[in-house]
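A short worksheet on the structure shown next.
A short reminder: the numbers here are calculations on the coordinates, not readings from a lab. Source: prediction; values computed, not measured. All Cβ positions, even for glycine, are placed from backbone atoms using ideal geometry, and neighbour counts span all protein chains on display.
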Amino acid sequence: MSSALNGDKDANPPTLKPESDDTASTEHYSPEEEASLLAESNTQKSSANTLFSRAAYSEAIQSYDKALSTCPNHLDYEIAVLRSNIAACHLKLQDWKAAIDAATASLECLDRVDPPSTQRGGQDGAGAVEEVDDETEARIEALRKSGRSSDDVQKLRTKALLRRAKARLETGGWAALQGADEDYRALSLLPTLTPPDRKTVERALKDLGPRLEEAKSREMGEMMAKLKQLGNGILKPFGLSTDNFQMVKDEKSGGYSMNFNQNR
């Protein structure tokens with residue numbers, strides 16, 4: 001992965017479409033207020049970048065959080081940059097869950113300013129691009145006015161996906177590995193991958209298959225052992241155990257039936 005954090009230009013000009021928080025309520029700023037808040041946020045971000053370069057990752061997270069607290073909440077691209085940088089810090093600290101959460105928050109912001117294309121199927125227009133609503137249109141316009149482009153979004157999306165995939169891979173477990181597989185497959189389709197990152201993605205996808213099967217088998221075995229323990233506790237007062245019941249597969253239908261053997 002690239003060592004650069006920002007995925008954006010150093011100067012962050014303001015965007016104009018207001019939205020205050022994840023609940024989608026709106027908050028308007030005058031151009032002067034917005035510029036002042038953004039300048040303060042950028043100052044904190046620069047400090048955080050310096051701390052990151054010095055390997056002071058915990059302190060960098062605190063500075064990025066301060067940058068978030070002053071950044072106008074409708075500036076989704078700028079917030080996505082900060083969230084992705086926070087994810088990079090958590091990766092360095094090997095706090096995989098926090099890295100996943102931060103990268104996911106970054107991706108959600110990017111989806112708001114430049115949503116992935118969705119297709120309609122069926123009789124009402126298979127293959128037609130879904131209509132963009134007014135709010136999404138305003139956010140896309142805000143991205144344009146900020147001097148950013150869809151290419152900028154895609155580059156940042158690539159970084160956030162790489163960071164989340166790495167964290168999920170390190171977390172392990174069936175569900176996390178499935179998530180990593182989905183992220184790496186999405187990354188393999190992006191034209192914004194650098195050659196080194198593409199090699200990382202290809203290697204990860206190659207290694208994930210056996211790991212997924214191993215994790216699935218292990219967790220299924222653990223689950224069945226717990227179910228057996230629970231079943232034995234229920235059956236014990238009746239002088240029975242789960243060993244008295246045997247699942248038999250019907251080779252013709254592929255279904256299963258349960259046989260009871262009292263002598264076990």
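Quick rundown of the values:
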quantity: Rounded to whole Å, sorted largest first: equivalent-ellipsoid semi-axes of the range 22-118, Cα gyration tensor; calculated: 23, 19, 9
quantity: Label point distance in nm, LYS92-SER69, each placed 7 Å from Cα along Cα→Cβ; calculated: 2.1
quantity: Distance violations [Cα-Cα > 20 Å] among LYS66/LYS159; LYS155/LYS199; LYS92/LYS166; LYS45/LYS66; calculated: LYS66/LYS159
quantity: Taking all pairs of distinct alpha-carbon atoms in the range 54-97, Kirkwood radius in angstrom; calculated: 10.7
quantity: Ranking of LYS252, LYS155, LYS145 by count of other Cβ atoms within 10 Å, fewest first; calculated: LYS252, LYS145, LYS155
quantity: Inter-label distance, nm, simple model (7 Å from Cα along the C-beta direction), ARG211/GLU108; calculated: 2.5
quantity: Calculated over the range 172-212: convex hull of Cα atoms, volume per residue (Å³); calculated: 54
quantity: Amide N proximity, the range 53-85 versus THR192 label position 7 Å along Cα-to-Cβ, cut-off under 14 Å; calculated: 77-85
